[in-house]
1. Pick from ILE144, ILE108: which is at pLDDT below 95 and surrounded by 16 or more Cβ atoms within 10 Å (Cβ to Cβ)?
2. Quick one: how many residues across the stretch 129-155 are on the phi > 0 side of the Ramachandran plot, free of Cβ contacts under 8 Å to residues at least 24 places away in the same chain and not charged (D, E, K, R)?
3. What are the pairs, 6+ residues apart or on separate chains, where a residue within the stretch 52-64 that is loosely packed, with under 12 Cβ neighbours inside 10 Å has its Cβ under 9 Å from a residue that is assigned to a helix (DSSP H, G or I)?
4. Is it the case that some residue within the stretch 149-171 is at pLDDT 95 or above and exposed (fewer than 14 other Cβ atoms within 10 Å of the Cβ)?
5. Is there a residue in the stretch 179-187 that is in contact (Cβ under 8 Å) with a residue 40 or more places away in the chain and under 20 Å from the mean Cα position of the chain (by Cα)?
6. Does LYS82 meet the test of being loosely packed, with under 10 Cβ neighbours inside 10 Å and either in a helix (DSSP H, G or I) or within 16 Å of the chain's Cα centre (by Cα) (or both)?
7. Counting just the residues of the stretch 115-141 that are surrounded by 12 or more Cβ atoms within 10 Å (Cβ to Cβ) and among the small types (Gly, Ala, Ser), which one comes out nearest to GLU74 (Cα to Cα)?
8. Of the residues that make up the stretch 13-25, is at least one over 30 Å from GLY116 (Cα atoms) and either at pLDDT 90 or above or outside any helix (DSSP H, G or I) (or both)?
Amino acid sequence: MNAKRFFFLSLCLFFVLSGLPAALASLGPTEELKPTLNKIIDILADSSLSGIQHKEERRAKIMAIATQGFDFPEMAKLVLGKTWNTIDQQQQTHFEQLFTKLLENTYIGKLESYSGQEVKFQDERIKGDKAQVSTVVDNNGVAIPVHYVMLQKESSWKVYDINIEGVSLVRNFREQFKSILRKEKFDGLVKVIEEKNASFSTEGSN
């Protein structure tokens with residue numbers, strides 16, 4: 001009786017322990033990225049959300065998903081460079097909101113021209129808490145390499161940079177902002193981004 005009970009308890013303990021790694025281990029970068037991209041593609045392919053009349057609803061749905069898979073605070077910090085440490089928390093939060101809106105208007109705006117292009121996942125490279133997931137977008141027979149650079153925080157992988165055909169989104173914005181910061185300082189950069197975002201709103205209402 002005691003032997004049977006010991007065997008039963010040991011068996012239960014084995015199943016509990018064997019299940020812990022699967023439950024506790026975080027998903028890999030590719031596994032985290034795929035659902036985010038697939039959900040965004042589903043929204044872009046949804047005919048009930050197409051057209052300028054559904055722009056606000058479509059954008060809201062896309063950004064709700066993107067916020068879960070993209071590290072916008074980290075991106076905002078990186079594009080500002082050293083200037084990030086010279087501004088207070090309120091300014092940081094305001095800049096993060098402005099920059100996220102700018103990304104929505106530019107990057108997400110370009111995605112809205114989606115017309116069935118296929119995204120193929122190729123490989124991933126992990127080094128410490130950073131990773132790169134490489135994909136290829138088949139655009140009418142033309143293969144466009146898109147690399148997602150990801151950072152792991154609290155067991156979750158999020159995108160903090162996108163490299164399209166060798167051009168880094170973060171580096172590109174940082175270089176643009178650097179020249180503005182040199183001449184107009186932080187307040188000047190904020191004004192430029194506010195005006196840019198306002199111009200997108202005006203274009204969308206026309």
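1. None of the others qualify; the one that does is ILE108.
2. Keep residues of the stretch 129-155 that are on the phi > 0 side of the Ramachandran plot, which gives 140-141, 154-155.
Subsequent filtering for residues that are free of Cβ contacts under 8 Å to residues at least 24 places away in the same chain retains 140-141, 154.
Subset that is not charged (D, E, K, R): 140-141.
Result for the stretch 129-155: 2.
3. So the pair list comes out as ILE52/GLY204; GLU56/GLY204.
4. yes
5. Within the stretch 179-187, none of the residues are in contact (Cβ under 8 Å) with a residue 40 or more places away in the chain and under 20 Å from the mean Cα position of the chain (by Cα).
6. On the way: loosely packed, with under 10 Cβ neighbours inside 10 Å: yes; either in a helix (DSSP H, G or I) or within 16 Å of the chain's Cα centre (by Cα) (or both): yes.
Yes.
7. Ranking the candidates gives ALA131 first.
8. yes
The values are calculated or read from the model by the stated rules, or taken from the named source; none is laboratory data. No experiment lies behind these values; they were computed from the predicted model shown. With ideal geometry, Cβ positions are generated from the backbone for all residues, glycine too; neighbour counts draw on all protein chains shown.
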